[in-house]
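Trainee: Just passing along the structure, written as structure tokens.
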Amino acid sequence: MNCGVCTAICPSAEFYNYDPRIIADTVQRQDEESIEGLLKSDTIWYCGECMSCKTRCPRCNTPGGIIMALRRLSQEKGWFTESEKGRQQFALKRILGNNILNYGYCVTPDIVKPEMHPEQGPVWEWIYEHRDEVYERTHSNYKQTGAGALRKVDDDSLNELKQIFEVTGGSEFMENIETYSLQKAEEEGMDPESYFLHTYTDNNGRHGGR
């Protein structure tokens, strides 16, 4: 059965040049060259992992699960650095990965700087510039110890997080992202910071769908 319901329902297919049915077909053919092409392409990074494909498939297949496996293999082999969307793994690792280990949060108000997030608009810029006052007035426990929103995560909890990452392989996984990304930066003649900004902002404009 090759009905294409997964593609019809896929939100990413609406915005990107992306067809989960074709990806599933490619993997099923077991053509190593074609699969390697997927692992080095932007295609596998378009999926939002919403799993709409799973809920609609008449045969209960899950193209989104295939995508997750392809992504992991691409990350393990370092082939994610061969595509624009894949290289964004470095930005995610540097921002979300490092933040959760350093602060206990993936995102905190301090790191959402207006110059890096212009989509947040002027209201956020004002909040950012007055965040101490704003969060005090909303009764947050901003950067303070104890209970409450935006509290400072204590060292014991941070150490527990780091241990979880160590035991589950998360630390090794993120280190691989860092290592392969820095190798790519060197190939491109960029220092790490320039390469980070490149992965964060670059858009070749060739990702559009139908």
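No lab work stands behind these numbers, since they all come straight from the coordinates. Predicted, not measured: the structure shown is a model, and the values here were computed from it. A quick note on method: Cβ atoms are made from the backbone with ideal geometry, for glycine too, and the neighbour counts reach across all protein chains shown.
Trainee: Using unit Cβ charges (K, R positive; D, E negative) and no other charged atoms, how large, in debye to the nearest 20, is the dipole of the stretch 122-210 about its Cα centre?
Mentor: 560 debye
Trainee: What shape does the chain take by its C-alpha gyration tensor, where a ≥ b ≥ c are the square roots of the eigenvalues and a/c under 1.5 counts as rounded, a/b above b/c as prolate, and the rest as oblate?
Mentor: Here the chain falls in the prolate category.
Trainee: Here's another thing I want to ask about it. Using the Cα centre of the chain as the reference point, and only Cβ charges (+1 on K/R, -1 on D/E), how large is the resulting charge dipole? Debye, rounded to the nearest 20.
Mentor: The dipole magnitude comes to about 960 debye.
Trainee: Could you list 113, 184 so that the one with the fewest beta carbons within 10 Å of its beta carbon is first and the one with the most is last?
Mentor: 113, 184
Trainee: Which of the cysteines in the chain are isolated, no other cysteine C-beta under 4.7 Å?
Mentor: 3, 10, 47, 50, 57, 60, 106
Trainee: Let me ask something else about it. Could you list 117, 198 so that the one with the fewest beta carbons within 10 Å of its beta carbon is first and the one with the most is last?
Mentor: Ordered by Cβ neighbours within 10 Å, fewest first: 117, 198.
Trainee: Once fully extended, how much extra length lies between residue 153 and residue 207, figured as 0.36 nm per residue of separation less the alpha-carbon to alpha-carbon distance?
Mentor: Length gained, residue 153 through residue 207: 15.5 nm.
Trainee: Additional query: Cross-link candidates for residue 184: which lysines have Cα within less than 24 Å, leaving aside residues fewer than 8 places away along the same chain?
Mentor: The qualifying lysines are 40, 77, 85, 93.
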